[in-house]
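Worksheet: one structure, shown below.
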Amino acid sequence: MTVVTRVLVLNGPNLNRLGTREPEVYGTQTLEDIRSMLAAEASGVDIDLRQTNDEAELIGWLHEAVDARTPVILNPAAFTHYSYALRDAVALVTEAGVPVIEVHLSNPHAREAFRHTSVVSGVATGVIAGFGAGSYRLALAQLVRGT
Ligand code: DQA
């Protein structure tokens, strides 16, 4: 098994507002709280957490993941539901044999109908949703320990 030393944790639009954005849905933890939680969980693993509201930037980071063969935890946020360009970029990563775990804080299937579709899930390695910040923690455990 490959030893994982670095994980890209990529976050899409509006997730920079975590902490104050609909706390009843997304909880009160900020992205920085999530970053420190992940870093504490996996010592020796470089947690490279990034957020953007820009689809092109997110796609560029996925290209970087292919080139560097860096496993990815991806919360595509609203791009989940409609961005075929993002889906194609995720496919580039997983087709190269590099894992991408799609995560969501909420359970989109328990919410509005438009959130029930993910155009990303079909090319992701796996999907974890509905556990708040725990979705990221479970994804990291899977990438690092395979558990
Ligand atoms: C989300 C769910 C999406 O439907 C929504 O657009 C988000 C966050 C989640 O983490 O629960 O921005 O990806």
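Accessible surface calculations at 1.4 Å, restricted to protein heavy atoms, place the chain at 48 Å² per residue. Between LEU38, LEU92, LEU58, the Gaussian network model of the chain with springs among Cα atoms under 10 angstrom shows the greatest mean-square fluctuation at LEU92. Split the accessible area of region 1-134 by element, probe 1.4 Å, and carbon with sulfur accounts for 51%. Here the alpha carbons of region 75-147 define both size measures, Rg and Dmax, at 12.0, 34 Å. Exposure check, 1.4 Å probe, all protein chains in place: GLU55 carries approximately 60 Å² of accessible surface. A Gaussian network model of the chain, with springs between Cα atoms under 10 Å, assigns the largest mean-square fluctuation among ARG111, ARG21, ARG35 to ARG111. Remark: the chain carries a charge dipole of roughly 320 debye about the Cα centre, counting +1 on each Lys and Arg Cβ and -1 on each Asp and Glu Cβ. Going by the alpha-carbon gyration tensor, a ≥ b ≥ c the square roots of its eigenvalues, is region 3-57 rounded (a/c under 1.5) or, if a/c is not under 1.5, prolate (a/b greater than b/c) versus oblate? Oblate is the answer for region 3-57, as a/c is 1.5 or above yet b/c matches or exceeds a/b. The calculated P(r) of region 6-145, using every Cα pair and 5 Å bins from 0, goes 2, 11, 22, 26, 22, 13, 4, 1, 0 in percent. Remark: accessible surface ordering of HIS116, HIS81, HIS109 (largest first) is HIS109, HIS116, HIS81, probe radius 1.4 Å. Using a Gaussian network model of the chain in which every pair of alpha carbons under 10 angstrom is joined by a spring, one finds that among VAL25, VAL90, VAL120 the greatest mean-square fluctuation is at VAL25. Across the chain, C-alpha contacts under 8 Å between residues 6 or more apart give a mean separation that, scaled by the residue count, equals a relative contact order of 26 percent.
The values are calculated or read from the model by the stated rules, or taken from the named source; none is laboratory data. Small disclaimer: the values here were computed from a predicted structure and weren't measured. Please note: Cβ atoms are built from the backbone with ideal geometry, for glycine as well, and neighbour counts cover all protein chains shown. Calculation scope for accessible area: heavy atoms of the full protein, side chains included, ligands and nucleic acids excluded. Shrake-Rupley method; radii C 1.70, N 1.55, O 1.52, S 1.80 Å.
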